[in-house]
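Below: the structure, in structure tokens.
The values are calculated or read from the model by the stated rules, or taken from the named source; none is laboratory data. All values derive from a computational prediction rather than experimental measurement. For neighbour counting, all protein chains shown are included, and Cβ atoms are generated from backbone atoms with ideal geometry for every residue, glycine included.
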DNA sequence: GCGTGTAACTGAAGCGCGTAAGCAAGGTAA
DNA sequence: TTACCTTGCTTACGCGCTTCAGTTACACGC
């Protein structure tokens, strides 16, 4: 094993460039209000590059009090590909602002979130659903300057999804809708919001609110829901996500109910296997890019001490992917 | 907005407990070789608890040179739920050793991995496939003391999967096998390893190696593969993962080929929708728990400066989930 | 020649912590 | 008594960096 291969520090760069460490710091962070001639600047940058200097983030954040690290707390629930795409978008958008995203799966058996926040020294923490006030306080005491989403914001984020699902079915002539809520309790809140959106759409169209039923990823629960719906005259079902939708689909096939003729089904997320379902599943896809940008804007604004701009409440951008299940 | 609510530092604890900071540090890290009476120890721990003291990881790692942070570099490819379960297991196992796991999605548009490593101050970096020597060097210069998996280890990790898939089909009487390789190029290496495992099993049984074909998540490529297989007398197909398997399934149904009578299909990962496929998909599931433990052992050993124990080469623990697609 | 201003830096403090080294008090042992 | 532990702490340094408060060198105006 090779000896640890000492890191290059800013002192190394300073020495090699014949300036002080302060100057190196000014150049590398191009600090405004300092007048540094182009020649010196270039020299320092060149040396830094040549020595493969990488600022020691730990020391940097200790000194400056800031940290460039944004912690994403991912809830410990069945995660689909759409989440990982969201994470990717988020990381890219943050990188544009010089911020680094790290993710932490907040399982019960891992470490408590404030601990993680303190160990990595995160300046901002993002969750999927709002944190309760106590948690926010704990995170702030652990060093987080910004905690997202704000209690108000997350509330409305999921509503449009449900609305679009229902609106699509209503457009296609369905008069009585069902809503498939996943059995997993962690989805409860999100599901409630989406259901609310669907309800809104129904009421706006003068229809009765959707008949909701709990559907797990198995034929029993899905089968029960399907027969209940059929009995109640439901002809179109919005599912919380594509997996739930596929359970409904499978149950319908199993009970000899034709899709979409007797029962139309629409999911959410457009997972990779959605087009492979029988029949191919109509779904709704968010513009993760837009959502990520919005989140990042909030963070950057928050870190700059401004209240976030009160513009578009998150996810206007939702796209319908029409296939043959509706 | 409340003012930032200053963090409690070890100095606060020291003051409140009427001792010096050094003593606090000794107690909280229960440093061996120091004789500290139980009374003092308790007092300090109580005060720390009362003040909700959380050591500032940043400062701690700057001072000590170590950092408790393990960085998991997740490749930027379609990620399934099984990966997130693996991450969870890993986080839990690391937490038992006082280590904190953070994840970074290594997309092209994010920051380069060594930069991330340097900013978070990770002591260990874990990837899914081995890093090439240059990358390892870069990471080490960025502060990583351990980089996994070692070039040797990852190589053999995927082979047993393919072997088990093929063995299962051979057990059930299939004499000519196919292998469905995903179209996505990032899976290439993993797929090659699994295919090798399947080939091994065939040869061991005195059969011809599997006929491999590239299958994307669409009916065209999958359909072509299926007709080719049927034409070649293939009666059983191992798919790289469940999604690919579902594409094969969908194409078979589409071409009126009966599963499993005319073509048996087995996947990998046991994704949530696998039981909902038509017919329900036979799959192979790793014991993520065991894999995670192994990785963690390697890390802990590496951080302690020992060469890793040369025991079981990772994933002996693979479980077959038999359903009706085979 | 002197004060004033600016460009181009440098010196040094200190972020929160770990840790080597030191030190006072009390207890042996000789 | 002195010499030498041991216990139970404290003092002080430094990790790599940012950043404030200078300092020097030089140009300018009068």
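Structure values in brief
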| quantity | calculated |
| --- | --- |
| Check on residue B:245, touching a helix residue (DSSP H, G or I) at 6+ places or on another chain (Cβ under 6 Å) and part of a helix (DSSP H, G or I) | no |
| One residue from B:35, B:64 being under 29 Å from residue B:140 (Cα atoms) and within 16 Å of DNA strand D (Cβ to nearest atom) | B:64 |
| Residue B:93 being under 18 Å from residue A:74 (Cα atoms) and either crowded, with 19+ Cβ neighbours inside 10 Å or at pLDDT 85 or above (or both) | yes |
| Residue under evaluation residue A:86, criteria (1) within 16 Å of DNA strand C (Cβ to nearest atom); (2) surrounded by fewer than 22 Cβ atoms within 10 Å (Cβ to Cβ), criterion not met | (1) |
| Residues (surrounded by 21 or more Cβ atoms within 10 Å (Cβ to Cβ) and either more than 11 Å from DNA strand C (Cβ to nearest atom) or at positive phi (or both)) located in segment A:57-77 | A:57, A:67, A:68, A:69, A:70, A:71, A:72, A:73, A:74 |
| Test: residue in segment B:255-269 that is at pLDDT below 95 and within 20 Å of the chain's Cα centre (by Cα) | yes |
| Helices (runs of 4 or more DSSP H) wholly inside segment B:1-117 containing at least 3 residues that are away from chain A (no Cβ under 14 Å) | B:10-17, B:21-28, B:38-50 |
| Enumeration of residues in segment B:253-292 that are assigned to a helix (DSSP H, G or I) and more than 14 Å from chain A (Cβ to nearest Cβ) | B:290, B:291 |
| Search result, residues across segment B:233-242 that are assigned to a strand (DSSP E or B) and more than 15 Å from residue B:218 (Cβ to Cβ) | B:236, B:237, B:238 |
| Search result, residues across segment B:1-36 that are modelled with pLDDT under 90, more than 30 Å from residue A:304 (Cα to Cα) and more than 7 Å from DNA strand C (Cβ to nearest atom) | B:30, B:32, B:33, B:34, B:35, B:36 |
| Check on residue A:250, more than 27 Å from the chain's Cα centre (by Cα), within 11 Å of another protein chain (Cβ to nearest Cβ), touching a residue at least 12 places away in the same chain (Cβ under 8 Å) and in a helix (DSSP H, G or I) | yes |
| Odd one out for residue A:59 among (1) in the same structural domain as residue A:114 (by TED's automatic domain parsing); (2) near DNA strand D (Cβ under 7 Å from one of its atoms) | (1) |
| Residue list for segment A:280-295, restricted to those being modelled with pLDDT of 95 or more and over 17 Å from residue A:160 (Cα atoms) | A:280, A:281 |
| Filter pass, residue B:46 being loosely packed, with under 15 Cβ neighbours inside 10 Å and more than 8 Å from DNA strand D (Cβ to nearest atom) | yes |
| Unique match (being part of a helix (DSSP H, G or I) and modelled with pLDDT of 95 or more) among B:166, B:180 | B:166 |
| Single match in A:198, A:205, A:232 (criterion: touching a residue at least 12 places away in the same chain (Cβ under 8 Å), more than 14 Å from chain B (Cβ to nearest Cβ), over 28 Å from the mean Cα position of the chain (by Cα) and within 29 Å of residue A:129 (Cβ to Cβ)) | A:205 |
| Residue within segment B:221-230 that is within 21 Å of residue B:318 (Cβ to Cβ) and either surrounded by 21 or more Cβ atoms within 10 Å (Cβ to Cβ) or assigned by TED's automatic domain parsing to the domain that holds residue B:129 (or both) present | no |
| Boolean, residue B:140 is surrounded by 19 or more Cβ atoms within 10 Å (Cβ to Cβ), over 18 Å from the mean Cα position of the chain (by Cα), in a helix (DSSP H, G or I) and within 14 Å of another protein chain (Cβ to nearest Cβ) | yes |
| Hits in segment A:13-29 - residues which are more than 9 Å from DNA strand D (Cβ to nearest atom) and more than 39 Å from the chain's Cα centre (by Cα) | A:15, A:16, A:17, A:18, A:19 |
